[in-house]
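Have a look at the structure below before the remarks.
Readers should treat all values here as calculations from the given coordinates under stated rules, not as data from a laboratory. Note that the structure is predicted; figures quoted are calculated from it, not measured. Here Cβ is always computed from backbone atoms with ideal geometry, including for glycine, and neighbour counts include all displayed protein chains.
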Amino acid sequence: MMMFEHSEERRILQSTLRRFLAEPSSDLWKGLAELGVIGALFSENHGGFGGHGSDLAVVFEEVGRADLTLPLIDNALVPGRLMIAAGGSIENLIAGSERLAFAHAEVAARYDLNWVETRANGNILNGEKTVVVGCESAKALIVSARHSGEPHDEDGIGLWMVEIDAPGLTLQSYDMIQGGRASEVSLNDTPGTLLFFEAYNAISEATAAGTLALAAEMLGAMETSLDMTREYLSTRKQFGRVIGSFQALSHRLVDLMVEIEQARSAVILGSTHLADPAHERDRVLAATKNILGRVGSLVAQDTIQMHGGIGMTQEYDLGRFAKRIIMADHRFGDVDHHLERFIVLSS
């Protein structure tokens, strides 16, 4: 049987980050940068010291475990990878002095990365972007727009850097159910600076990294939900006995443990294939995200059911983790999308 173990450096990163998030500083973003967490998301060639799939899995599992709502995926990982693909510097991003956000999703796109209706006429952009996470905290946006072709074409998609205070750029921001903030973005004759003329492959690669990171976050959130449920079952008494001693509940808890281990294996598999050629990378990550979505739904439902009414109250932390797990399924493609994608890529 093959055993997977993190390297000594990743174990140190994991334990250090877990301690830090247990007693976070007042400026979390700065603290994460000083700790080297943002640098762990990128390779040494680009000023970091990691960047491998396993590095991402370590960092974001702890992010999910601690229910951290800072948009580390959206303000650092994804835009940083796009900047690297465009040949730009991410020194300020790694240092924590600058944040960027990626404005790509559109209402009609569903989860299709190639669907872009926003138009570029030279460096002037017009269009609408939806659910741009971390937009308010970003210095600038990386905006996808079409300079040629039809909305569904992979060719003809470019990337432009747009300052957050650029003329014609308007934001409508809101709180997300799972925590954090997002914005609807409108561009009306908004000027930008061209980064990438043909950007589909770069968008696909950056989104693959984001998908793996989100899957690891879901795993961490599931682990905490399981720990809370195990503790509750070992202390809550009914009929003079702790309810964890009842066979039906103990069996359900064991079933969840088995499912979470399956999810962990899927994240490990995804992390080892992140650097593969696009077709194999995307096939494996489709399986990973599908499994995490299915297991996550089961974990969220069963842990709340085993807690009873208290699991639904705002004062109890479990509800936050359940929301995080469920809503994460709808980012970067849900279970149905990735099942279809896996079938297509496997044929």
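Based on Cα contacts under 8 Å between residues 6+ apart, the chain shows a relative contact order of 16 percent. Structural descriptor for region 53-190: relative contact order 22 percent, calculated from alpha carbon pairs under 8 angstrom and at least 6 residues apart.
Set against the labelled values (1) 63, 44, 38; (2) 74, 43, 43; (3) 60, 44, 44, Cα extents along the principal axes in Å computed from this structure falls on (2). Rounded to the nearest 10 degrees, the inclination of helix 318-328 to the longest alpha-carbon principal axis of the chain is 40 degrees.
Measuring between their Cα centroids, region 245-298 and region 153-193 lie 33 Å from each other. Within 12 Å, Cβ to Cβ, of N92, how many net charges do the neighbouring residues add up to if Lys/Arg are +1 and Asp/Glu are -1? Here the charged neighbours net out to 0.
Highest-first packing order for the peptide set 152-160, 7-15 is 152-160, 7-15, based on the mean count of other beta carbon atoms within 10 Å.
Listed values for region 142-147 are Karplus-derived 3J(HN,Hα) couplings in whole Hz (6.51 cos²θ - 1.76 cosθ + 1.60, θ = phi - 60°), namely 9, 10, 8, 8, 9, 9, and x replaces Gly and Pro.
Here the Karplus relation 6.51 cos²θ - 1.76 cosθ + 1.60, evaluated at θ = phi - 60°, turns the backbone of region 212-217 into coupling constants of 4, 4, 5, 4, 5, 4 Hz, with x for every Gly and Pro.
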